[in-house]
Structure formats: C-alpha cells, structure tokens
Amino acid sequence: MSSNSALERTINKVLSKKETELISQIDAAYQESLKNIEDSKSKLEAERTKIIESAKKQAENLKRQIVGSSRLNARNKELLMLENDVNEAFEKAKARLMSSGKEESYKSLMTRIIEDSLPTVGSDEVVIECNKNDSELVKKILAESTKKSRIKTKISDQPINVIGGVRVKSADNTMTFDNTLDSRIERLKPLIRKNVARMLRGTAGEEE
C-alpha cells in the first residue's frame, strides 16, 4: 500500500510538473503570439500610412500635371487667337493701303519711301521697281527727287506684285533694298508678336 502511495505521489508530482511546464509554454506561446500580432498591426499601420501618403503625393503630382497641361493648352489657344488677330489686322491694313493709291497721304508716304530708298544701295545708278498702279506716281516723284539728288534713276519695265512702295536695285544688280509696303509690314510682325508675348508674360505674372 505504502509503495503504491509513493509511486502515485511520484507520478502526480511528475504530471503536475509537466502540466505546469506545459501551461507555461502555452502561456509563453500565447504572449509571443500577442506580441507578433501587435508588431504586425504596427507594421500594417505604418505600411497603410505610407501607401496613403504615396497616393496623396501621386494625386498632387497628377493634379499639377493636369493644371499645367490645361494652362499650357489655354496659353497656346490664346497665342493662336492673338496670332490670327495680328494677321487679320495686317490684312485689313493691306486692304486699306491698296485702296489709298489716290489719296494725298499715300503720295506723301511714297515720296518719303523713295527719297529714303535711293541712297541706300550706295550706287550712282539705280533701277526702281513698283506695282503697275504706282508707276505714274513714282515717275512724278522721281522727277522731283532727281532735282535734289545726283543719283540716276530708271523705272523697271516689269511691274512687281506688291501693295505699294518700291524696290531699289543698283544698276549692276548687286545690291537690292526692298522698301515695299509688303516688306515693311512683314518687318513689323516680329515686333508685334514680341509685344504680345510681353503682354502675356505680364498677365501670367499677375495671375501667379
């Protein structure tokens, strides 16, 4: 009986010890699991925050690109409209000049153009080219101008297709000065465009 009791106590003691160790291991494993879960939650939260911040940055970049593209498109359309307006204004000016051949103001303009053009090519003999309608007017102006200048002039037999003004060539055809109204208008275009661009930059600066 005593032997059996001792054996039973020994078995109970071993079982109790194993049970305690098992419970301790289970508890340790449980605590480790909780820690891993908390760590995972922290990592997931950090990753979620990182993803959200990245998405916000991408959204802001996309927004800036869209706004920049819209502004560029609007500016290009504005430039195109202004270019069309400039060209239209020049065409209207050409039309007015074409219909002003008999006006006294046009005669004064042609006189000034011819007097400025004659000495430009640096030759004692020059050939004057003009359109068909201005031929007689140019002859009258040259008749008066040659009294003040020693330059010999001749009007070309071949009229040129221009609105008005003259093209002066040296007799040996080595020098040419184009002082037609057409070329004068074309020379003005870059200046007009430059002023328009300056106006646009000023407006853009105010907006920003």
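Straightening the chain between Glu115 and Lys148 buys 10.9 nm, computed as 0.36 nm per residue apart minus the Cα-Cα spacing. Measuring r between the beta carbons of Glu186 and Asp157 and using R0 = 30 Å, the FRET efficiency lands at 0.70.
One way to sum up the overall shape of segment 102-187 is the equivalent ellipsoid from its Cα gyration tensor, whose semi-axes run 18, 15, 12 Å, largest first.
Cβ-Cβ distance of Ile37 and Lys77, R₀ of 35 Å, FRET efficiency by 1/(1 + (r/R0)^6): the value works out to about 0.05.
Evaluating kT/(6 pi eta Rh) at 4 °C and 1.567 mPa s, with the Kirkwood radius of segment 40-131 over Cα pairs in the Stokes-Einstein relation, gives 64 µm² s⁻¹.
Computed from the coordinates by the stated procedures, all read-outs in this text should not be read as laboratory data. These figures come from a predicted structure and were not determined experimentally. Cβ atoms come from the backbone with ideal geometry, glycine included; neighbour counts cover every protein chain shown.
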